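The values are calculated or read from the model by the stated rules, or taken from the named source; none is laboratory data. Model, not experiment: these values are computed from the prediction. Cβ placement follows ideal geometry from the backbone for every residue including glycine, while neighbour counts extend to all protein chains displayed. These area figures cover heavy atoms from the full protein model, side chains too; ligands, DNA and RNA do not enter into them. Shrake-Rupley method; radii C 1.70, N 1.55, O 1.52, S 1.80 Å.
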Amino acid sequence: SGHVGEDVAVGAMRAGANDYIMKDNLRRLAPAVQREIREAAARGESKKIERELQETTRELEVVKKMDQLKDEFIGMISHEMRNPLTVLLGNLSILKSGATLPPEDIAKLAENAYAEAGELGTILDNLLELARVRADRLQLATEVLELGLIIDEVIAGLNAGERERVIFEGCRDVPRVKGDAVRIKRILNNLISNALKYSPKDRPVTVSAAPTEDEEVLLAVHDRGIGIPGHQKRDLFKLFGRLDTGRAYADGTGLGLVVCQRLCEAMGGRIWVESEEGSGSSFFFTLPAAHEDQS
Ligand code: ADP
């Protein structure tokens, strides 16, 4: 400006100007512009640092949260493993003590110990499968399999009480499937164990199989238990996704269904649930059917 009144200068500064140059003193122009460029660059740099700081703080919070989840997870898994181990050790210590017991009591103690050891094995197997999935090291066999033979092994793993409750329908009348026998058994065991766990002891659980029109075999595990509230169905297949209904009813780790889903998808199948709260649940999964000429 050639002439600046005090009011104009104050107004301009308030509006964001940092400096002003008088026309009759242009020597100040270059240094003033250079200084402004330096300061603008410094302001830009400090905004960038501020943004990076915010990002680092956010990342730190995520790491802290993950650390906390890890601690909770270790606590929960230890608790879930401690329960069967306590029963197992208790029963074995009675058997080992040499106390004279009626044969049926000895048989009962041994059967319970066996069941609890099986429970521990399932938790460990699910943990190992999950670790393999997370490390991208899940290696599945692709064999042509008779479903009936897998069902025989599933039945052999059930105890006497469970064998009375679980009914198998049509599992021997379906085409052969393609997949990994150990993993198919694991999916069935997890689903059957849930169906038995989340329904009253006097209600049956049905396992059925049928071919689909899309060259698949559809397997289903139905129970008449507590069911699953509609809005919570999508949380089921999340890691540690235990529902309030399930938590109130029985112990568990929240690992089983996520493992079932990963294994099923890795074999080229799908898994889903249909359920009504209070009436029961049906878990379905598909496996690719083997072509007739495959052996
Ligand atoms: P876990 O049974 O060890 O908690 P899962 O991953 O197998 O873990 O199941 C996750 C949750 O889904 C359970 O905690 C329970 O709330 C619910 N759930 C699973 N299966 C059933 C079922 N058949 N009926 C009712 N709720 C079920």
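Could you give me the residue pairs with C-beta distances under 7 Å whose first residue belongs to the stretch 209-236 and is of a type in the set (S, T, N, Q), whose second residue is within 10 Å of the ligand (Cβ to nearest atom) wherever it lies, and which are 6+ apart or on separate chains?
Q232/L243
Scan the stretch 272-285 and tell me whether some residue there is buried (at least 20 other Cβ atoms within 10 Å of the Cβ), of a type in the set (G, A, S) and outside any strand (DSSP E or B).
No, that holds for no residue.
Has the stretch 252-263 got any residue that is at pLDDT below 95 and more than 20 Å from K185 (Cβ to Cβ)?
Scanning the stretch 252-263 turns up at least one residue that is at pLDDT below 95 and more than 20 Å from K185 (Cβ to Cβ).
Does S208 meet the test of being more than 13 Å from the ligand (Cβ to nearest atom), in contact with a strand residue (DSSP E or B) (Cβ under 6 Å, 6 or more places away or on another chain) and closer than 20 Å to G157 by Cα?
Taking the combined requirement at face value, the residue satisfies it.
Can you pull out the residues in the stretch 211-246 that are of a type in the set (A, V, I, L, M, F, W, C), open to solvent by less than 30 Å² (accessible area, probe 1.4 Å) and within 7 Å of the ligand (Cβ to nearest atom)?
If the condition is that a residue be of a type in the set (A, V, I, L, M, F, W, C), open to solvent by less than 30 Å² (accessible area, probe 1.4 Å) and within 7 Å of the ligand (Cβ to nearest atom), then I228, L236, L243 are the ones that fit.
Looking at (1) out of contact with any Cys (no Cβ under 8 Å at 6 or more places or on another chain); (2) within 16 Å of the ligand (Cβ to nearest atom); (3) at pLDDT 95 or above, find the lone condition where A181 falls short.
Going through (1) out of contact with any Cys (no Cβ under 8 Å at 6 or more places or on another chain); (2) within 16 Å of the ligand (Cβ to nearest atom); (3) at pLDDT 95 or above one by one, A181 breaks only (2).
In the stretch 12-30, which residues are hydrophobic (A, V, I, L, M, F, W, C) and in contact with a helix residue (DSSP H, G or I) (Cβ under 9 Å, 6 or more places away or on another chain)?
Of everything in the stretch 12-30, those that are hydrophobic (A, V, I, L, M, F, W, C) and in contact with a helix residue (DSSP H, G or I) (Cβ under 9 Å, 6 or more places away or on another chain) turn out to be A17, I21, M22.
Under 9 Å between Cβ atoms, at least 6 apart or on separate chains: pull out the pairs that start in the stretch 124-141 with a residue that is touching a residue at least 24 places away in the same chain (Cβ under 8 Å) and end on any residue that is among the polar types (S, T, N, Q) and assigned to a loop (DSSP other than H, G, I, E, B).
From the stretch 124-141, the pairs are N126/T253; L127/T253.
Against the condition under 22 Å from the mean Cα position of the chain (by Cα), in contact (Cβ under 8 Å) with a residue 24 or more places away in the chain and within 16 Å of the ligand (Cβ to nearest atom), how does K201 come out, does it pass?
Spelling it out, it is not the case that K201 is under 22 Å from the mean Cα position of the chain (by Cα), in contact (Cβ under 8 Å) with a residue 24 or more places away in the chain and within 16 Å of the ligand (Cβ to nearest atom).
Matching residues to (1) in a helix (DSSP H, G or I); (2) basic (K, R):
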position	(1), (2)
H3	no, no
A9	yes, no
N18	no, no
L26	yes, no
V33	yes, no
E52	yes, no
R58	yes, yes
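Only one of these is more than 18 Å from M267 (Cα to Cα), within 16 Å of the ligand (Cβ to nearest atom) and among the hydrophobic types (A, V, I, L, M, F, W, C): I155, I192, I187. Name it.
Residue meeting the stated conditions: I192.
Take the residues in the stretch 247-271 that are under 21 Å from L218 (Cβ atoms) and in a loop (DSSP other than H, G, I, E, B), then tell me which one is farthest from the ligand (Cβ to nearest atom).
G268
Of the residues E111, E61, which is under 30 Å from I184 (Cα atoms), loosely packed, with under 15 Cβ neighbours inside 10 Å and among the acidic types (D, E)?
Exactly one of E111, E61 is under 30 Å from I184 (Cα atoms), loosely packed, with under 15 Cβ neighbours inside 10 Å and among the acidic types (D, E), namely E111.
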